[in-house]
Every structure is written in structure tokens, then in C-alpha cells.
Amino acid sequence: MKAIISHKGHIRLAEVEKPSLEDGFVLVETECTAISPGTELMMNGLYRNDPVVLGYSASGIIREVGRGMEDWRVGQRVACYGAPYARHAEWLHMPRHLIVPVPEQVSSIEASTVGLGAIAIHALRQAGLQFGETLMLIGAGILGQLIAQIGRSSGLRVVVYDLLPERCEMARRLGIRHTAADPGEAGRLLAEVSEDNGADAVIICASSKNGELIDQSLRWLRDCGKVLLVGDIKPEFSRDLMFTKEAQVLISRAGGPGRYDESYEREGIDYPYGYVRWTEGRNMGEYIRLIAEGDLVVQPLISDVLPAEQCEAAFRRYAEAPASLLGTVLLYGAAAESAASVAATAGATDERAAGAKSDEEERGTSARGAAAEDGGGTSAGEAAAEDNRDASARGATVRAVRGMSDGHA
């Protein structure tokens, strides 16, 4: 089968061995996988001599059911989380607690972000915030956007700070009232929202090679508040600032209790519900529920939807122009073919419409006596046709993605 690997700093699609079904597992045919840019680019930067398959968040369809998994059915749509089981590959060998059902109203594209969703939910649980308290969120990439939305849905007062105005605008579009691309403005908004008391918690979803963001977070914090590290940030900070606030500096690990526990993940032994209310599996289910009930909007956060064959280009865009991207989803098998077919059909229709429109414009231009220069200039009609073709191509891609979402491909 095909999978996306990192080898000596290069990311590419390669042939790897297809997993064999074991007891306690299901075999999932992958429809979509979501890129986690921070984690995966960091792994690629390690320049491993041995190839490693990237990824940890996916959606697909159960094709085989192992012994002990009879409560799952062949043909059932599921969301999958957690390497080395969920990954960028055509087939996934998934244990019980790392899959959750996907209801009809949730698309496979949305469901493929379940890993990011579980991480977002676990981060908020680690912050320990209660209804009405104030959250300052630093970093409005896709993970920060999810945390902000879930926090708002939980009744928190949310302030988002990101240096990129475009990301602040996206947060506002998705219902976050208080956003700032400048630290001074962020502090002013926080003072207003918290009535000059400071944030109950600051969650950092940004990356940094020094501790300045942590120090800034401690300044924004109320007495006895919490700073929670989610992004790849160097844990250096001022002891004096921490002591003055009697603050806690915490880290949030992955999607919740159970992650990296062999007995929970591989052997399928659950933690008692009364003692561990929210495991990684239960966080996954809660994320899908929030999407299904309309309390969390994911689709606008997906900047690109591409066939897995274009993985090199997808990761290159993250490395070269991260500001222009939030989420990227890769398609496999029938899902990729369906999107390509929709895009091609839409593109052909738009091309014909653009051509007809440009013909009309050129005739009108000729009637007014406007023509290209003898030296080989471009006529107004030709320029309009070119603009229309570009717009048509973009529109076809957008509609293909929407068609994928509506059709649950």
C-alpha cells in the first residue's frame, strides 16, 4: 500500500507493507488524513536514516473486523487517531479505543481532524477552566482556532492573540469576539474582558525557541492562574514572574489519558469511567459530537484538500508559506477520485462559461473600437478571459471540496 514517509529530511509517497488484521483490531480503508504541520515538520526535521510513516489523524471505512470487535460493523465510517495506528496511509490497523463512529452529518474531511480535536479538548481540560472564566489563547493556527471555538462553546471568555491579522479575522468569522494581532491590543482586550483581573489561564499554541512568550503569558495571568504549553516552545521563563503570581506552568500531552499506554491503546483495556472521566477515546467522541451538533465549525479551517499523491507539495507549502495555511487534508482512493471528477466537471463547465463571457466582452470591446496595440499587446477580451479561467479553476476546486463534504466522501 502507499503511505507518506519521512526519510532523511524528505517527505514522499512510498510503498509500505499493508497491515494484517489481528484480534482486537479493525482494518480501515482510509478516505482522508489531516496534516499536523507542527508535529510532522518537526519529525521530518530530525533527518531519520530509517523511513518513518507520518501522520496520526484520519477518517475512513471499516473493511474488516477482528475477533473481539464484533460491535463494529463492516462499512461503518470512523474517525481514527494516534500513531503508529492512524497515519498517512491507504490502510489503517486500528484498535478499539482509537476509533469513534462518524455520524451522517459529519463529513469525512471534518472527521479526519479528530486527532487535532482531541488534543484541543485535552488542552482545555488541563487548563481546568470553568464557565465564565477567561482564556487568553496565543497562536491561532488550526489547533488554536479549535481551542478558541471549543472554549467559547463551553462558556469561556476567550481572547485570541496571533501576529497574523488573517488568522485573527478567521477567529472573528468563527465567533470569537476578542482578537488582536498586536500584544498591546491583546493586553487591552484582556483587561477589558477580565475586568482588570488577568486571564484565568493562558494557552500557548505557538512555537518559539525562547521563553519570551511564557514570560508574556505570566504577565497576562491573574494571581494563581495557569500557563499551559501546547506548542513547541522552549520552557524557559522568569522565576520572579512565576513567584509573583504563584502561577502554574503546565504542559498538555496529546489527546488525553491513555495516550502512549500500551494496555489502553493496543490491548483495549479501558480506564474506569468513574475514575478517568475523559480518556483520549472519549475526547475523540466529544469532538465529533461538537461538529455534529453545530457547536464547532471545522470546514473554514481547511485551507487545502489534495490527493495524497501531492503530499510533497502540501508539506512544502507549510514550510515555505505557513502564514497562508491553516489545515490541509489529503485524500485517498475513491475519495480522491471523486474529488478529481467533481473538480474536472466543474472546471469544464466554468471554462465554457468563461469562454462565452469573454467572447461577449471582446465583441463589445471591438464595437467600441478598442483593440490591442499592433506590437502584440493583449486585448481587453483576452485579459478578461484569462482572469475568468483563473477564477473558474479556483471555483472548481472549492466546489469539489464542498461536494466532498456534502457527500461524506
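Pairs linking a residue in region 102-115 that is over 15 Å from N283 (Cα atoms) to a residue that is of a type outside the set (A, V, I, L, M) and buried (at least 24 other Cβ atoms within 10 Å of the Cβ), with Cβ atoms under 7 Å and 6 or more positions apart or on different chains, are S108/E31; S108/C32; S108/S59; I109/C32.
Has region 118-127 got any residue that is in a loop (DSSP other than H, G, I, E, B) and either of a type in the set (D, E, K, R) or under 24 Å from V52 (Cα atoms) (or both)? Within region 118-127, not a single residue is in a loop (DSSP other than H, G, I, E, B) and either of a type in the set (D, E, K, R) or under 24 Å from V52 (Cα atoms) (or both). For region 242-268, taking the residues that are out of contact with any His (no Cβ under 9 Å at 6 or more places or on another chain) and part of a loop (DSSP other than H, G, I, E, B), the one that is surrounded by the most Cβ atoms within 10 Å (Cβ to Cβ) is identified as A247. Filtered by the rule that a residue be within 22 Å of M69 (Cβ to Cβ), open to solvent by less than 20 Å² (accessible area, probe 1.4 Å) and either in a helix (DSSP H, G or I) or touching a helix residue (DSSP H, G or I) at 6+ places or on another chain (Cβ under 7 Å) (or both), region 2-29 gives no residues. If you go through region 97-142 and pick out every residue that is within 18 Å of the chain's Cα centre (by Cα), open to solvent by 10 Å² or more (accessible area, probe 1.4 Å) and polar (S, T, N, Q), you end up with 0.
Taken over region 175-184, the criterion of being closer than 19 Å to A323 by Cβ and open to solvent by 20 Å² or more (accessible area, probe 1.4 Å) is satisfied by A181, D182, P183. Residues of region 66-92 that are over 22 Å from the mean Cα position of the chain (by Cα), open to solvent by 10 Å² or more (accessible area, probe 1.4 Å) and under 17 Å from M284 (Cβ atoms): D71, W72, Q76.
Entry remark, region 200-221: residues being surrounded by fewer than 18 Cβ atoms within 10 Å (Cβ to Cβ) and either closer than 14 Å to A123 by Cα or over 28 Å from the mean Cα position of the chain (by Cα) (or both) number 1 in total.
The values are calculated or read from the model by the stated rules, or taken from the named source; none is laboratory data. Model, not experiment: these values are computed from the prediction. All Cβ positions, even for glycine, are placed from backbone atoms using ideal geometry, and neighbour counts span all protein chains on display. Note: accessible area is taken over every heavy atom of the protein model, side chains too, but ligands, DNA and RNA are not part of it. Shrake-Rupley method; radii C 1.70, N 1.55, O 1.52, S 1.80 Å.
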